[in-house]
Structures are given as C-alpha cells and as structure tokens.
Amino acid sequence: MIWCVDDDGTIRDIEVYTLEQTGFKARGFADGISMLEALKTEIPELIILDIMMPEMDGLQVLSKLRSEAAYKDIPIIMATAKGTEMDKISGLNSGADDYLVKPFGVMEMVARVKAVLRRTVKKETHNDITVGKITLKEAEHKVLVCGEKVELTHKEFEMLKLFMQNPNMVFSRDKLMSEIWGMDYIGETRTVDMHIKTLRQKLGEAGAQIKTVIGVGYRLENEV
C-alpha cells in the first residue's frame, strides 16, 4: 500500500490513480494529521509526502515519523514545488529517501517508488557489527561509540552501515550517492560531504575512523 499525502485534491487523485493503474494499492490523504492518525491501524509500504501543507507541513510530518520507532523505517519520497538544492538537502537530511519536484511526470513518480522500494527491502537477518570503537545494531537501529548511544539520521545510519559492512574499502562520492540515495537521485555530491561531516561530529572521537582519501572518496578504518 502506497500512501499519497497532498492537500491538492487533483494532484492527490492523479497520484493514487496512476499507482493503482500500475499495480499498486494506494490511498490518499489531504493532510499529515489524518495520515498520522491512520498509521495507528495500518503501516504503508511507502509514503509520497508533500512539503507545502497547512497546519503541519511535510518536513514536520517527516520528523515525527523518523522519531518514532514504529514508523522510522517507512520509505518516504518528498514531493514539492520547491526545487532548490537546499530544499532537497533539507528533506534528505531529515530522513527522506528520495525527492520529487513538481511538476513531475506520473511515470517518473512510479519509477522512483519502485526504486526506493527496491533499496529499502528489509533483510531477513540483522547482525551487530563492530569496527574499532563503533558498534552498529541493525535490528535495533542503534549505534554505540565506546558503549554510549549516538543519535543518527536515517541516511547517516545507512552510510555508516555501508562503511562498517566494508571496513577499509574506499567509496567514491558517486558510489555513496548511488548506494545511499539511489541511482535515480540527481543532486550534488556535496550532499555526501555534508553527511560525512555531521557523521564524524556525532561519532565524536570515533569519527576519526572515517578517513578522506584525497581525490577519491572515503573509507572507514578499524582504528583511529
């Protein structure tokens, strides 16, 4: 089930109709408040969430979803008429999985839905990973540094997990964009640098394990 949240009834109806015609079950909501209420009885596979809405905007809804354990892993595609790089970065840094800029083609929307669903399929097994001073508990979506919990955004967690699953492997910025944001994401690789900067800061002394490989990208080493 795909949920479409948009206060514009025409856009919402088109999104729902297109998804249903391409094999998905879909449901529309006129605002974030009614959608959050519906979450008490059903969890969707993915949410297409408009940013510019009255009462509670899309970024506020996104923040609430990512802060609650029951909803934090729901894939979310932000949809808005805003198209500047900083608007995109704001949504992605808050935990969105992808971004659609209005006006967008309905088949582009379907393609992005399919791509995000492919990337976010849950694995059946979840193992704890420890590299140096960092421990990542995938099942609990928790990161510990020297035993102390560290709060990360969804993208920061996914990036750290990729590094920890492949210690000492160098990842180019383009590779990180592909793995974390997906092949369909079109944006500046500065987004990667911004996430690396905040990830290092949040990891404290263990942030030094993330090394910059000049002219190539980044890698995670076993020790500082």
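The values are calculated or read from the model by the stated rules, or taken from the named source; none is laboratory data. Worth saying up front: this structure is predicted, and the values here are computed from it rather than measured. Please note: Cβ atoms are built from the backbone with ideal geometry, for glycine as well, and neighbour counts cover all protein chains shown. The area values use the complete protein model at the heavy-atom level, side chains included, leaving out ligands, DNA and RNA. Shrake-Rupley method; radii C 1.70, N 1.55, O 1.52, S 1.80 Å.
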May I ask for the angle, rounded to the nearest 10°, between helix 9-21 and the longest principal axis of the chain, with both axes built from Cα atoms and the value confined to 0 to 90°? 70
Calculated P(r) tail over 25 Å for the chain, as whole % of Cα pairs: 41
Enter the angle in degrees (range 0 to 90, nearest 10) between the Cα long axis of helix 154-165 and the first principal axis of the Cα atoms of the chain, meaning the one along which they spread out most. 40
For region 134-224, the percent of all C-alpha pairs falling in each 10 Å bin, from 0 up to the bin holding the max distance, is 17, 54, 26, 3
Sorted by average packing, counted as other Cβ atoms within 10 angstrom per residue and highest first, what order do 203-214, 154-165, 134-145 take? 154-165, 134-145, 203-214
In the structure shown, do any of LYS161/LYS202; LYS155/LYS202; LYS72/LYS155; LYS40/LYS202 have a Cα-Cα gap over 22 Å, and if so which? LYS40/LYS202
Heavy-atom accessible area per residue - the chain, 1.4 Å, Å²: 49
Take every DSSP beta bridge with both residues inside region 22-158 and express the antiparallel ones as a percent of the total, to the nearest 5. 60
Taking 0.36 nm per residue of sequence separation and subtracting the Cα-Cα distance, how much length would be gained by fully extending the chain between ASP7 and GLU68, in nm to one decimal? 19.6 nm
Roughly what angle does helix 58-67 make with the longest principal axis of the chain, taking Cα atoms, 0 to 90 degrees, to the nearest 10? 50
Report in % the part of the accessible area of region 1-64 that belongs to carbon and sulfur, leaving out ligands and nucleic acids; probe 1.4 Å. 51
